[in-house]
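**Q** Would you mind keeping the following structure in view while I ask a few things?
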Amino acid sequence: MALSAFDDKAATPRSKDLKEALGRSSSLWDQLRDHLASEYQPLAEQWMFSGAKWGWSLQLKQKKRTILYMTPCKKHFLAGFVLGEKAVKAAHESNLPDPLLAQIDSARKYAEGRGVRIEVRTKKDLESTKKLAAIKMAN
């Protein structure tokens, strides 16, 4: 089974199916998209299929810079970031929750940065995701 709730390469997720899969977290999905669209104009959105293991994710970019990937799951979603070392340092200087900082620290380092996925299930998770997006874009 794929990480995403949507694993059929031939079928890009539709709005109706997305709302059904996300359930109550659908409003958090919409709030994050709206927030990023207002903060990082122009914002481009593109559905990406990353293979049978991962499924579909929505990539959000400002010009050529990827802000994050939103991966719909059953009743929640994942916000995926690639953070450079400047952003990691800035995250530690912020008021992000300690468990999120530990997750960032334990993420494997790659040439392009550390890959981190945040489970978004609550308003608190949404706020942490918004803060991390701001940190990434500032660094």
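**Q** Identify, please: which residue in the range 31-44 is assigned to a helix (DSSP H, G or I) and in contact (Cβ under 8 Å) with a residue 40 or more places away in the chain and is, among those, surrounded by the fewest Cβ atoms within 10 Å (Cβ to Cβ)?
**A** Glu39
**Q** In the set Ser26, Ser57, Ser106, which member is touching an Asp or Glu at 6+ places or on another chain (Cβ under 9 Å) and either among the polar types (S, T, N, Q) or under 17 Å from Pro13 (Cβ atoms) (or both)?
**A** The unique qualifying residue is Ser26.
**Q** Right, something else. Mind checking which residues of the range 109-126 are touching an Asp or Glu at 6+ places or on another chain (Cβ under 9 Å), under 20 Å from Gln59 (Cα atoms) and free of Cβ contacts under 8 Å to residues at least 40 places away in the same chain?
**A** If the condition is that a residue be touching an Asp or Glu at 6+ places or on another chain (Cβ under 9 Å), under 20 Å from Gln59 (Cα atoms) and free of Cβ contacts under 8 Å to residues at least 40 places away in the same chain, then Gly113, Arg114 are the ones that fit.
**Q** Another one. Just a yes or no: is a residue in the range 46-67 surrounded by 14 or more Cβ atoms within 10 Å (Cβ to Cβ) and of a type in the set (D, E, K, R)?
**A** Yes, there is a match, as at least one residue in the range 46-67 is surrounded by 14 or more Cβ atoms within 10 Å (Cβ to Cβ) and of a type in the set (D, E, K, R).
**Q** Being among the polar types (S, T, N, Q) and closer than 20 Å to Arg114 by Cβ narrows it down to one of Thr71, Thr12, so name that one.
**A** Thr71
**Q** If you don't mind, there's one more thing I want to ask. Can you name every residue in the range 74-90 that is touching a strand residue (DSSP E or B) at 6+ places or on another chain (Cβ under 8 Å) and buried (at least 18 other Cβ atoms within 10 Å of the Cβ)?
**A** His76, Phe77, Leu78, Ala79, Gly80, Phe81, Leu83, Ala87, Val88
**Q** Let me spell it out: the conditions are (1) in contact (Cβ under 8 Å) with a residue 60 or more places away in the chain; (2) over 15 Å from the mean Cα position of the chain (by Cα), and Lys9 meets all of them except one. Which number is the exception?
**A** So the condition that Lys9 fails would be (1).
**Q** Here is a follow-up. What is the number of the single condition among (1) surrounded by fewer than 17 Cβ atoms within 10 Å (Cβ to Cβ); (2) part of a strand (DSSP E or B) that Pro99 does not meet?
**A** Here Pro99 meets the rest and fails (2).
**Q** Turning to a different aspect of this structure: Step by step: first the residues of the range 102-139, then only those that are within 12 Å of the chain's Cα centre (by Cα) and of a type in the set (S, T, N, Q), then the one that is surrounded by the most Cβ atoms within 10 Å (Cβ to Cβ). Which residue is that?
**A** Here the residue is Thr129.
**Q** Can you find, within the range 16-30, the residue that is nearest to Lys75 (Cα to Cα) among those that are under 16 Å from the mean Cα position of the chain (by Cα) and loosely packed, with under 15 Cβ neighbours inside 10 Å?
**A** Filtering the range 16-30 for residues that are under 16 Å from the mean Cα position of the chain (by Cα) and loosely packed, with under 15 Cβ neighbours inside 10 Å, the one nearest to Lys75 (Cα to Cα) comes out as Ser27.
Read-outs: derived from the displayed coordinates by stated rules, not from any lab. Note that the coordinates shown come from a computational prediction; the quantities given were computed from them, not determined experimentally. In this analysis, Cβ positions are derived from the backbone assuming ideal geometry, glycine residues included, and neighbour counts consider all displayed protein chains.
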